[in-house]
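The values are calculated or read from the model by the stated rules, or taken from the named source; none is laboratory data. Just so you know, these numbers come straight off a predicted model, no measurement behind them. Cβ: placed from backbone, ideal geometry, glycine included. Neighbour counts: every protein chain shown. Each accessible area value is taken on the protein alone, full model and side chains, heavy atoms only, with ligands, DNA and RNA left out. Shrake-Rupley method; radii C 1.70, N 1.55, O 1.52, S 1.80 Å.
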Amino acid sequence: MAHLIFGSRWNNGFSMMLDAMSEDDARARYEQGLEVSIACGVEELAAEPPDDLDFEGEQPAEWELYTELSRHERRPDQPGVAIVEFYNFWGTRVAAHYFYRQDDGRLFLAQVDELDFTDTSRFVEDNEWAVLTEHSFSPDGTSSVVVRTTQPDGRTDVTMSEHAGGDFASHWEPVPAWGDWASITRRDRSQPA
């Protein structure tokens with residue numbers, strides 16, 4: 001059984017939801033297009049206690065969905081967004097999918113980040129990746145891939161490739177109805193929800 005928790009953002013380093021709120025409050029915010037996060041875990045997830053600065057949760061999330069769907073109303077140059085972050089067994093962020101709201105109201109998966117780490121036997125901070133692969137996609141079929149590889153001397157090696165003529169039909173998502181998270185939270189986009 002999946003366990004959901006709602007709030008402003010999931011803190012994967014401390015395994016807790018910041019500014020936790022009830023499902024009813026989160027749903028109201030979501031339906032207004034305001035910022036809200038939903039985190040899902042195999043076990044019950046922890047909320048940040050308001051009076052304990054040393055608190056750390058026990059259970060990592062499997063995924064977090066952060067949405068701010070009416071962002072363009074406050075920042076005209078920025079479309080609404082839905083970001084899905086995926087975590088491993090230890091709570092390390094290993095991937096992120098960035099969906100941007102298009103003129104027709106649908107969401108388009110415009111960026112996928114994949115993080116690889118040398119040590120996968122424990123929690124690792126996001127910025128300690130060994131390889132960061134950033135895939136960018138456009139509805140017109142163009143895409144690019146940037147691969148950043150950390151070298152032993154601390155430098156970062158960067159390669160980039162660009163592509164045209166891609167079929168990104170699986171990148172489109174309707175704005176999910178509240179509670180209908182299965183499709184947008186798929187890590188493997190080649191498989192149906």
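Observations
- Arg187 sits with roughly 120 Å² accessible to a 1.4 Å probe, with DNA, RNA and ligands left out of the calculation.
- Take the Cα of Ala2, go 7 Å toward its beta carbon, and the backbone nitrogen atoms of the stretch 156-193 under 17 Å from that spot belong to 173-193.
- Gaussian network model of the chain, springs between alpha carbon atoms under 10 Å - residue of Gly57, Gly154, Gly13 with greatest fluctuation: Gly154
- Inter-label distance, nm, simple model (7 Å from Cα along the C-beta direction), Ser70/Arg189: 2.8 nm
- Taking amide H as placed 1.01 Å from N in the peptide plane, Arg9 has its amide H under 5 Å from the amide H of Leu18, each at least 5 places away in sequence or on another chain.
- For the stretch 8-165, the solvent-accessible area with a 1.4 angstrom probe is 55 square angstrom per residue.
- Of [x] 16.0, 46; [y] 17.4, 54; [z] 18.1, 54, the label for Rg and Dmax of the Cα atoms in Å derived from the coordinates: [y]
- With contacts taken as Cα pairs under 8 Å at a separation of at least 6 residues, the stretch 48-112 carries a relative contact order of 24 percent.
- Label zone at Glu56 (point 7 Å along Cα-to-Cβ), backbone N below 15 Å, the stretch 120-158: 122-126
- You can think of it this way: the chain between Gln102 and Asp116 has 2.0 nm of extra reach, that is 0.36 nm per residue less the Cα-Cα gap.
- Rounded to whole Hz, the Karplus (6.51, -1.76, 1.60) HN-Hα couplings of the stretch 122-135, x for glycine and proline: 7, 5, 10, 5, 3, 7, 9, 5, 8, 9, 10, 10, 10, 9
- Separation of the stretch 5-79 and the stretch 107-182, taken as the distance between their Cα centroids, equals 22 angstrom.
- As a fraction of the 1.4 Å probe accessible area of the chain, surface on carbon and sulfur atoms comes out at 47 percent.
- Accessible surface of Thr159 - all protein chains present, 1.4 Å probe, nearest 10 Å²: 80 Å²
- Looking at the stretch 4-93, the GluC sites (Glu not before Pro) that sit in a DSSP loop and have at most 14 other Cβ atoms within 10 Å of their own Cβ are Glu43, Glu44, Glu56, Glu58.
- Among the protein heavy atoms, those of Met17 account for about 0 Å² of accessible surface (1.4 Å probe, every chain in place).
- Approximating the spin labels as points 7 Å out from Cα along Cα→Cβ, the Asn127-to-Thr159 distance works out to 2.7 nm.
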